[in-house]
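One structure is given below, encoded as structure tokens.
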Amino acid sequence: MAKEKTLFTCTECGGTSPRWLGKCPSCNAWNTLIESVAEAGPGKNRYSGAQFAGLAQAQAVMPLAAIEATDIARTPSGIDELDRVLGGGIVEGGVVLIGGDPGIGKSTLLLQALDALQRAGLPTLYVTGEESGAQVALRSRRLGLDHSQVNVLAEIQLEKILATIESMQPAVAVIDSIQTVYSDQLTSAPGSVAQVRECAAHLTRCAKASGVAIVLVGHVTKEGALAGPRVLEHMVDTVLYFEGDTHSQFRLVRAIKNRFGAVNEIGVFAMTEKGLKGVSNPSAIFLSQHSEPVPGSCVMVTLEGTRPLLVEIQALVDSGGPSPRRLSVGLDKDRLAMLLAVLHRHVGVACMDQDVFVNAVGGVRISEPAADLAVMLAITSSLRGKALPQGFIAFGEVGLAGEVRPAPRGQERLREAAKLGFSVAVVPKANAPKKPIEGLTIHAVERVEEAMNVVRGMG
């Protein structure tokens, strides 16, 4: 009996190699090649059939100015926080990929959204490959979705799923999950690189050709990346990540890619007995409730997409040993080391013999440099043992020369802080508003030394 021919497929880019290599020859990623059985297909490419004809009719070449540009119609899902992340709602023919840890609430959120769409009069389809219909019905009862008319299909074969979508013509279809679906055209097991890539390509093409909005549920690896080939993220229109600690009741949905809206938008949900509920004022989550101001705490205004959020930065400076530690949660570690160097050089505050711990409250990740000033003020507050005044906020990027650079959309940040009752702000001079904001005293600074002197003068 002839030995089956094997190929090694990269999990990142989908490239193949006839033998195992430490580094993928296509994308140069290390240790990503996985052995799989080579597919014995017909002589011609399987994509050359009629079902893979061009989505649009052949047209003559036209200049952009001659092509009519129309706004994309959006259908609200019935969940405001989900609509915010999607860019206003579900787009006809759009493909959404949502990934997250097991048990974080992906299926719960999508079942709630489908039920809201169904009650609004839109036909929906929920395809489950991980649960039976009875399990989905049990979940809907638990969520309080009584008499739900959402159509459920328990199937993992791609061809049957496509036939059902074609015959029913739903407005929205959910595939839970893409790692369980397999195609008869391939012999590999469900969840393999070839199967995931093939099934996602077929479903994407079906969505574009029929106008059905398809939502794909994807599992994530231990490192937090979506399992399967990275090409999966390139094929779809929108990529959402479901984040949050399973021990906390709050969940974050973050948009990583969106062809129909802004990226880095976040939606905040609270897990309750009746499912996921949107949080309209998420700033309260990221602020600790102190009865009185404590040392080492500074509040900043960060931007997540188009939404300003107030986040508390906590710092703890303690006497260290021969090798002091630098630890940050929710902030870049390298950025922390740079800020400590600026603090020493330009302000004269030395922390080289101290352990420095910095934390962003609420499990949020702050990637923008506008948190620099708040981090430095929190560190000096902890080192001095003096708390910042009540109702104090700060934001601004700090350069290596000690200058304080402006943050984008500073006016919106200040208005959000004033709305939530904050009274004192230290901001870059370029972000100082031309008109005073009611209830907010603003100190505009150009250098770190000025910011430190302003704070010392307050307390």
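For region 340-357, a residue qualifies if it is assigned to a loop (DSSP other than H, G, I, E, B), under 15 Å from SER381 (Cβ atoms) and either aliphatic (A, V, I, L, M) or not assigned by TED's automatic domain parsing to the domain that holds GLU397 (or both), and exactly one does: VAL349. Please indicate, with yes or no, whether at least one residue in region 100-110 is in contact with a strand residue (DSSP E or B) (Cβ under 7 Å, 6 or more places away or on another chain), farther than 27 Å from GLN249 by Cα and either in contact (Cβ under 8 Å) with a residue 12 or more places away in the chain or surrounded by 20 or more Cβ atoms within 10 Å (Cβ to Cβ) (or both). Taking every residue of region 100-110 in turn, none turns out to be in contact with a strand residue (DSSP E or B) (Cβ under 7 Å, 6 or more places away or on another chain), farther than 27 Å from GLN249 by Cα and either in contact (Cβ under 8 Å) with a residue 12 or more places away in the chain or surrounded by 20 or more Cβ atoms within 10 Å (Cβ to Cβ) (or both). Annotation: of all residues in region 379-432 being within 27 Å of the chain's Cα centre (by Cα) and among the small types (Gly, Ala, Ser), the one that is nearest to ASN281 (Cα to Cα) is ALA417. Kindly establish whether LEU33 is surrounded by 10 or more Cβ atoms within 10 Å (Cβ to Cβ), modelled with pLDDT under 90 and touching a Cys at 6+ places or on another chain (Cβ under 8 Å). Considered against the rule, which asks whether it is surrounded by 10 or more Cβ atoms within 10 Å (Cβ to Cβ), modelled with pLDDT under 90 and touching a Cys at 6+ places or on another chain (Cβ under 8 Å), LEU33 comes out as yes.
Across region 202-251, the qualifying residues are those that are in a loop (DSSP other than H, G, I, E, B) and modelled with pLDDT of 90 or more, and the one among them that is nearest to LEU86 (Cα to Cα) is ASP237.
Only one of PRO190, PRO170 is in the same structural domain as GLY99 (by TED's automatic domain parsing), in a loop (DSSP other than H, G, I, E, B) and crowded, with 22+ Cβ neighbours inside 10 Å; which? It would help to see each step written out before you state the result.
Details: PRO190 fails: crowded, with 22+ Cβ neighbours inside 10 Å.
PRO170 is the lone residue from the list that is in the same structural domain as GLY99 (by TED's automatic domain parsing), in a loop (DSSP other than H, G, I, E, B) and crowded, with 22+ Cβ neighbours inside 10 Å.
Checking MET352 against (1) modelled with pLDDT under 90; (2) closer than 16 Å to VAL311 by Cβ, which single condition isn't satisfied? If we test MET352 against (1) modelled with pLDDT under 90; (2) closer than 16 Å to VAL311 by Cβ, just (2) comes out false. Checking region 301-312 against the condition returns a match, with at least one residue being of a type in the set (S, T, N, Q), at pLDDT below 95 and surrounded by fewer than 21 Cβ atoms within 10 Å (Cβ to Cβ). Taking the criterion of being in a helix (DSSP H, G or I) and either farther than 20 Å from VAL375 by Cβ or among the β-branched types (Val, Ile, Thr) (or both), the residues of region 425-459 that qualify are VAL448, VAL454, VAL455, GLY457.
Residues of region 232-252 being β-branched (Val, Ile, Thr), within 22 Å of THR11 (Cβ to Cβ) and more than 14 Å from the chain's Cα centre (by Cα), which ones? VAL236 - this is the single residue of region 232-252 that is β-branched (Val, Ile, Thr), within 22 Å of THR11 (Cβ to Cβ) and more than 14 Å from the chain's Cα centre (by Cα).
The values are calculated or read from the model by the stated rules, or taken from the named source; none is laboratory data. Note that the structure is predicted; figures quoted are calculated from it, not measured. Heads up, the Cβs are rebuilt from the backbone with ideal geometry, glycines too, and the neighbour counts pull from every protein chain shown.
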